[in-house]
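Laboratory data are not the source of any read-out in this text; all were calculated from the coordinates shown. Note that this is a predicted model, so its numbers are computed, not measured. Backbone-built Cβ (ideal geometry, glycine too); neighbour counts: all protein chains shown.
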Amino acid sequence: MYSYRVEQAIRAAAVLHKDQLRKGSMPFPYVTHLVATAFTLLDYTDDEDVIVAALLHDTIEDTDYSLEELQEDFGGRVREIVEALTEPKSSAGNKITWREKKNLYAKQLKRGPKEAVLVAAADKMHNFRTMVEDYRDSTERFVKDFGANFDERLEVYQNIANVINSRLSGSILAEFNHVFEQYKDFINETKQAEETKYLR
């Protein structure tokens, strides 16, 4: 799928995230994740708004772009999808922990539009895949970049996965669950490697 709106979304994502890099051994421009998320969704939907939202799903969370600007540029439906995918930075005016942020995100997905859940599944699939690929041979680097909160990480992402499983079906859900199983195996292997290291 290619259209003027998709082209505009690619350009907006490239500009808004231009100084941001992905974590990992190779600091790829952050926009690579957004494009990969959108490309993943092309296998599962022909809804232009979903593809546009995938390209812009981190803009509100990670840039100065506002929901009002997003709606003006790409419409109310894209705004609704992206808003459901935007992790809150606070709750009742108070700063929240990583776990609280992820749990609130899961609640947003549960009550948000199904299109947002599609984007969330593709987003997590790409994150899980790249994390396993990049850190498979370097558990120490994973701990340095993401911390050693293995059990908390598994619990939080299982919570999100439960929402995705409750709202999606078909081939995208099967692929998501396959990738998530690989991610869980990787986290458990990394945890075991860290525990073994300290027992020596």
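Listed values, structure above:
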| item | result |
| --- | --- |
| Mean residue ellipticity (222 nm) of the chain, computed from DSSP H runs ≥ 4 via -39,500 (n - 2.57), nearest 500 | -23000 deg cm²/dmol |
| Reachable lysines, given that their alpha-carbon falls under 18 Å from the alpha-carbon of Lys124 and they are not under 8 places away in the same chain | Lys23, Lys101, Lys102, Lys107, Lys110, Lys114, Lys184 |
| Helix 98-111 vs. the chain, principal-axis angle (Cα, 0 to 90°, nearest 10) | 40 degrees |
| Among Val156, Val119, Val31, residue whose mean-square fluctuation peaks in a GNM of the chain (springs only between Cα atoms under 10 Å) | Val156 |
| Size of charge dipole - the chain - debye, nearest 20, with Cβ of Lys, Arg +1 and Asp, Glu -1, no other charges | 620 debye |
| Eligible aspartates and glutamates near Lys191 by straight Cα distance, threshold 19 Å, same-chain separation 8 or greater | Glu133, Asp134, Asp137, Glu140, Asp145, Asp151, Glu152, Glu155, Glu181 |
| Most mobile of Phe39, Phe28, Phe142 in a GNM of the chain (Cα contacts under 10 Å) | Phe28 |
| Candidates Lys144, Lys18, Lys114: whichever shows maximal mean-square fluctuation once the chain is modelled as a Gaussian network with Cα springs under 10 Å | Lys144 |
| Inter-label distance, nm, simple model (7 Å from Cα along the C-beta direction), Lys18/Thr32 | 2.0 nm |
| Length added when fully stretched, Ser66-Lys114, from 0.36 nm per residue minus Cα-Cα | 15.1 nm |
| Dipole of segment 4-199 [Lys/Arg +1, Asp/Glu -1 at C-beta], most positive-end residue of Val179, Asn159, Thr196 | Thr196 |
| Options Ile96, Pro113, Val78, ranked by Cα towards positive dipole end of the chain, top entry (Cβ charges) | Ile96 |
